[in-house]
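Structure incoming, see below.
The values are calculated or read from the model by the stated rules, or taken from the named source; none is laboratory data. Given the structure is predicted, the values throughout are model-derived calculations rather than measurements. Glycine also receives a Cβ, built like all others from the backbone with ideal geometry; neighbour counts cover every protein chain displayed.
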Amino acid sequence: MTVTPALEADVLRRQDPELAEVLLGERERQATTLQLIAAENFMSPAVLAALGSPLANKYAEGYPGNRHHGGCEIVDVAERLAVERAQALFGAEHANVQAHSGSSAVLAAYAALLRPGDTVLALGLPYGGHLTHGSPVNFSGRWFDFVGYGVDAESGLIDHEQVRALARAHRPKAIVCGSISYPRHIDYAFFREVADDVGAYLIADAAHPMGLIAGGAAPSPVPYADIVCATTHKVLRGPRGGMLLCGAELAERVDRAVFPFTQGGAQMHTIAAKAVAFGEAATPAFAAYAHQVVTNARALAAALAAEGLTVTTGGTDTHLITADPAPLGVDGRTARGRLAAAGLVLDCCALPHDDDRGLRLGTAAVTTQGMGAREMTLVAGLLASVLRGGTDAARAREDVRELVAAFPPYPR
Ligand SMILES: Cc1ncc(COP(=O)(O)O)c(C=O)c1O
């Protein structure tokens, strides 16, 4: 399979060897280390082909059939396909596929529903809220008045009673549910009920679970939320980008919030790649993949717990695991560095029970590579051995290289 056609054809190498080396180096890094970052995945060669296509040359401000530029008749087909496929995949009345990223999708959702100064209730950042959920260094924290709910310190589960109490006390204009690190399913019906109770909009930021939802491996927020925001590049395995889903009554507001309110010209190559990814996600093979992602995450969580790490909430319902490596004598930040040196690439994250940083891992990428429960046990053993100092970095790197060699992300 051709991954980067320009490289295969030697075009880039001949014209710009310096940059070609960077691309080859990154391809090698991805193929020889373990990608355990919960937000990452390997796009298919077909999605990559759409991304690297001449559609990237096209300017297309506006929407299909109503563009500010000429010559859009072909890219219009790509966008219509992406929209129709997204609507069918998620059972939504309306889809906007132009958002450049997950953050752009959230910005557009706020723009569609809120005015600066409005109160918004969202998961607090120390508990797994995203930057766009009210961080002071983000537009959201500066333009809106965010109130944060949390998770129970012991169980790590969303504190539903606190959500209800804060909603009643602050009467927010919108409630946001969704997280960068919550490993359990979100109870969208509960959030809908609270939003209705206080007259708030419900925004589901499903950036992480959207691929699981597509594959039927996680509950869908579509029947409950006024607007669903998502990324297309995590478990969903599409190009780096965002999307919004909503009912017909909000369609025009959402579209106008994306363009012309917060974005300019749509990225037609990315939209075409989203269409390809939605097509893939509608297949039985993708449903099997999504379920395997969860099976693998559960196996990895159980194996990490058996190795002595404290797994938040005691496990996972999704692709995502957060764990405290402290019982192995190391904090999250030190652990991430040690593991990176050994070729296990993952993130730090906040933990519910104190200020220390834990580890966040996901199984989307390794499952795309074809790994299963056996490999998850190997990965957990290797990870714990590196953290305990039982295996030095060089030795572990060799073990990782050997393991991933059997599961190349892009077989030649
Ligand atoms: C819950 C949530 N919202 C929004 C985003 C933002 O996505 P992006 O990085 O594409 O802007 C992320 C990214 O990880 C996320 O997890």
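Could you count how many residues in the stretch 176-208 are farther than 18 Å from F146 by Cα and outside any helix (DSSP H, G or I)?
So the answer is 10.
Of everything in the stretch 202-212, what is touching a residue at least 40 places away in the same chain (Cβ under 8 Å) and surrounded by fewer than 24 Cβ atoms within 10 Å (Cβ to Cβ)? Give them in sequence order.
none
Same structure again: Specify the residue that is surrounded by the most Cβ atoms within 10 Å (Cβ to Cβ); the eligible residues are those in the stretch 223-243 that are farther than 22 Å from V366 by Cβ and more than 12 Å from the ligand (Cβ to nearest atom).
Restricting to residues being farther than 22 Å from V366 by Cβ and more than 12 Å from the ligand (Cβ to nearest atom), the top hit is I227.
Give me a count of the residues in the stretch 215-272 that are in contact (Cβ under 8 Å) with a residue 12 or more places away in the chain and either not in a loop (DSSP other than H, G, I, E, B) or not assigned by TED's automatic domain parsing to the domain that holds G65 (or both).
28
Scan the stretch 114-138 for residues that are within 11 Å of the ligand (Cβ to nearest atom), aliphatic (A, V, I, L, M) and assigned to a loop (DSSP other than H, G, I, E, B) and report the count.
Selection size over the stretch 114-138: 0.
Can you tell me which condition G199 does not meet? The list is (1) within 21 Å of P172 (Cβ to Cβ); (2) surrounded by fewer than 24 Cβ atoms within 10 Å (Cβ to Cβ); (3) within 11 Å of the ligand (Cβ to nearest atom), and all the others hold.
(3)
Which of the residues that make up the stretch 313-351 are of a type in the set (S, T, Y) and touching a Lys or Arg at 6+ places or on another chain (Cβ under 9 Å)?
T313, T316, T318, T322
Residues in the stretch 176-189: is at least one more than 16 Å from the ligand (Cβ to nearest atom) and more than 20 Å from L114 (Cα to Cα)?
Looking through the stretch 176-189, at least one residue is more than 16 Å from the ligand (Cβ to nearest atom) and more than 20 Å from L114 (Cα to Cα).
Related question: Which condition number in (1) within 23 Å of A323 (Cβ to Cβ); (2) within 14 Å of the ligand (Cβ to nearest atom) is the one that A217 fails?
Just one mismatch for A217, condition (2).
Okay, moving on. If I filter the stretch 272-293 down to residues being touching a helix residue (DSSP H, G or I) at 6+ places or on another chain (Cβ under 7 Å) and of a type in the set (V, I, T), which single residue comes out as surrounded by the fewest Cβ atoms within 10 Å (Cβ to Cβ)?
Per the criteria, the residue is V276.
Related question: Can you tell me which residue in the stretch 86-103 is farthest from A225 (Cα to Cα), limited to those that are surrounded by fewer than 21 Cβ atoms within 10 Å (Cβ to Cβ) and within 11 Å of the ligand (Cβ to nearest atom)?
Only one residue fits best here, namely H100.
Kindly check whether there is at least one residue in the stretch 71-78 that is surrounded by 13 or more Cβ atoms within 10 Å (Cβ to Cβ) and closer than 17 Å to A281 by Cα.
Within the stretch 71-78 (the criterion being surrounded by 13 or more Cβ atoms within 10 Å (Cβ to Cβ) and closer than 17 Å to A281 by Cα), the answer is yes, since at least one residue qualifies.
Here's something else I'd like to know. Could you say whether any residue in the stretch 170-185 is in contact with a strand residue (DSSP E or B) (Cβ under 9 Å, 6 or more places away or on another chain), crowded, with 24+ Cβ neighbours inside 10 Å, over 19 Å from S140 (Cβ atoms) and at pLDDT 95 or above?
Yes: the stretch 170-185 contains one or more residues that are in contact with a strand residue (DSSP E or B) (Cβ under 9 Å, 6 or more places away or on another chain), crowded, with 24+ Cβ neighbours inside 10 Å, over 19 Å from S140 (Cβ atoms) and at pLDDT 95 or above.
Do we have G134 as under 26 Å from A165 (Cα atoms) and assigned by TED's automatic domain parsing to the domain that holds A218 here?
Judged against the criteria, G134 is a match.
A further question follows. Can you go through A50, A78, A86, A105 and tell me which one is under 30 Å from P411 (Cβ atoms), within 17 Å of the chain's Cα centre (by Cα) and assigned to a helix (DSSP H, G or I)?
Going through A50, A78, A86, A105 in turn, just one is under 30 Å from P411 (Cβ atoms), within 17 Å of the chain's Cα centre (by Cα) and assigned to a helix (DSSP H, G or I): A86.
Based on this model, can you work out whether E375 counts as free of Cβ contacts under 8 Å to residues at least 24 places away in the same chain and in the same structural domain as A340 (by TED's automatic domain parsing)?
No.
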